[in-house]
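Below is one structure, written out as structure tokens; the observations come after it.
The values are calculated or read from the model by the stated rules, or taken from the named source; none is laboratory data. Please read all numbers here as calculations on a predicted model, not as lab measurements. No Cβ is skipped: glycine too gets one built from the backbone with ideal geometry, and neighbour counts run over all protein chains shown. Heavy atoms of the whole protein, side chains included, go into the accessibility calculation; ligands, DNA and RNA do not. Shrake-Rupley method; radii C 1.70, N 1.55, O 1.52, S 1.80 Å.
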Amino acid sequence: MTENAIELVNITKTFGDVVANDCVNLTVKKGEILALLGENGSGKTTLVNMLSGIYFPDSGEIFVNGERAVIRSPIDAFSYGIGMVHQHLKLVDVFTAAENVVLGLKGGVCIDRKKLAVKIREIAEKYGFEIDPKKKIYDMAISEKQTVEIIKVLYRGANILILDEPTAVLTPQETEKFFDVLRKMKEDGKSIIIITHKLNEVLAISDRVAILRKGRSVGVVETRTATAQSLTEAMVGRSVSLSIERPEVPLTGDRLTVQELNCVDHEGVRVLKDVSFVLHGGEILGVAGVAGSGQRELCEALSGLQPIKSGHIYHNDGDFSEDIVGKSPFDIARMGIRSAFVPEDRLGMGLVAGMSMVDNMMLKNYHESKGLFVDRKKPRMVADELIKRLGIVTPNASTPVRRLSGGNVQKVLLGREINSNPSVLIAAYPVRGLDINSSYMIYDLLNEQKKKGVAVLYVGEDLDVLMQLCDRIIVMCGGAITGVVDPRAVTKEKIGELMMRHENDRSEEVAG
């Protein structure tokens, strides 16, 4: 009997002229955790999408438990015991956890809810999950939603699980609990493929590491013999420094002053609660918190996209100070305020997926054009310059951005915003899902802006990065600020505690 749960033999997949996977060979053993590493565009997602039935290989063979498998759809994948939990969770918010677990399964329109709840609790107790089958998805924290997704694939009989960036939005405490669950699943004989860019987590949880580079497999290493440096060099193909700069830059005044900011959502629920802080020119101010703690609403409020119930947001730029509360993004721009926003949703709010780089460059200032026709020459020059400066991998500036890898899409978005010469730059999760090489380029770009005297608000999810990159960190929980910390004088665990603290217990300043 084979010890391999999965064996890939000479798997090749192309999209037009682009070779996403080139003769990839890979094995996943039964009862092991295999980490899959590679730069953005290295073919990781394409490879696991063929295992999960989203794509079908052009050539090569897939073996599951020693037998040749033909996987043409996610239903086929489940028939072989393969389940995938995507980075962007695919749940119906208005349904309960139990309803989401059985959604799409055969069996008629009636659900035996008691029997279903018993089965879900059995799975949860077996592996150490915490779940309420009756709870609605919209009432859940992100870690609870992820639990539902994992139980959904286990309920369908998956013995091979593929997890794409599973810890991206978890606190250190939640991540450790999640790793305990994975270890129990491994002990039960499950095979787990985990895609992550967090090398410390790869070293902590995996048994082996498979590395892809430019669509090819460059090797598989035993985790116990690897280091963060060796894995990085294998991914990139050259030596890379893993230190993040935090240059000392003289502050250039208060660029943004937020006073007692309160916002409510469309249901009247307060999503920002008496938020106050000052952002200085020449500093990177980090924002830490579990997903849904008010980070998105804060960024959108500062950019004129979120209705504000009360409070003030003063933009201080040179000789004037303006309160932008009640102003739209166009109003803010017309006031002469040089503010740039890199949103969390790159291809929804940030860029238009079907448009080229040139057209996306034009979105920033097309309203300034006079007459019936727009000048495409200047935005094309900007796009070509960004391609060279940021190393954006694209056939040309006319290629739709949806065809680019995640790292290149982020470079396009950040490059466009920086090109506008802002005095305030708001960046929400700018390295989410990016490989280490692309991430360090983003950190360098943010530090360049800091050195120019730009005030940078950086919303991140990796506490290690926040503590190395930022000059100060705001910690948010439940829409309120629970602490403002000096990352040079506080531990990661302390920040994790503040991320879970109720707003009634918040302190004004912690560790400087």
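Pairing each residue of the stretch 275-302 that is charged (D, E, K, R) with any residue that is open to solvent by 10 Å² or more (accessible area, probe 1.4 Å) and outside any loop (DSSP other than H, G, I, E, B), provided the two are 6+ apart or on different chains, yields C-beta distances under 6 Å for GLU297/VAL271. The condition of being touching a helix residue (DSSP H, G or I) at 6+ places or on another chain (Cβ under 8 Å) and of a type outside the set (S, T, N, Q) holds for TYR458.
Take LEU390 and decide whether it is out of contact with any helix residue (DSSP H, G or I) (no Cβ under 7 Å at 6 or more places or on another chain) and at pLDDT below 85. For LEU390, the condition - out of contact with any helix residue (DSSP H, G or I) (no Cβ under 7 Å at 6 or more places or on another chain) and at pLDDT below 85 - is not met. Just to verify a result, which residue in the stretch 39-65, among those that are on the phi > 0 side of the Ramachandran plot and open to solvent by less than 50 Å² (accessible area, probe 1.4 Å), is farthest from the chain's Cα centre (by Cα)? Out of the qualifying residues, it is GLY60. For a quick check of your reading of the model, give me the residue pairs whose first member lies in the stretch 376-394 and is closer than 14 Å to LEU413 by Cβ and without any contact (Cβ under 8 Å) to a residue 40 or more places away in the chain, whose second is among the polar types (S, T, N, Q) and open to solvent by less than 100 Å² (accessible area, probe 1.4 Å), with beta-carbon atoms closer than 6 Å and at least 6 apart or on different chains. Once the first residue is closer than 14 Å to LEU413 by Cβ and without any contact (Cβ under 8 Å) to a residue 40 or more places away in the chain and sits in the stretch 376-394, its partners that are among the polar types (S, T, N, Q) and open to solvent by less than 100 Å² (accessible area, probe 1.4 Å) give VAL382/ASN419; ILE392/ASN408.
State all residues of the stretch 290-320 that are open to solvent by less than 10 Å² (accessible area, probe 1.4 Å) and under 17 Å from PRO343 (Cα atoms); if no residue qualifies, say none.
Applying the first criterion (open to solvent by less than 10 Å² (accessible area, probe 1.4 Å)) to the stretch 290-320 yields 293-295, 298-299, 301-302, 313, 315.
Correct list: SER293, GLY294, GLN295, LEU298, CYS299, ALA301, LEU302.
Assessment of the stretch 379-387 against the conditions (closer than 18 Å to GLN449 by Cβ, within 28 Å of the chain's Cα centre (by Cα), assigned to a loop (DSSP other than H, G, I, E, B) and of a type in the set (D, E, K, R)) yields no matching residue. Annotation note: of GLU267, GLU260, the sole residue that is open to solvent by 20 Å² or more (accessible area, probe 1.4 Å), of a type outside the set (Val, Ile, Thr) and in a strand (DSSP E or B) is GLU260.
Of the residues in the stretch 70-80, at least one is part of a helix (DSSP H, G or I), under 23 Å from LYS186 (Cβ atoms) and either in contact (Cβ under 8 Å) with a residue 24 or more places away in the chain or basic (Lys, Arg) (or both).
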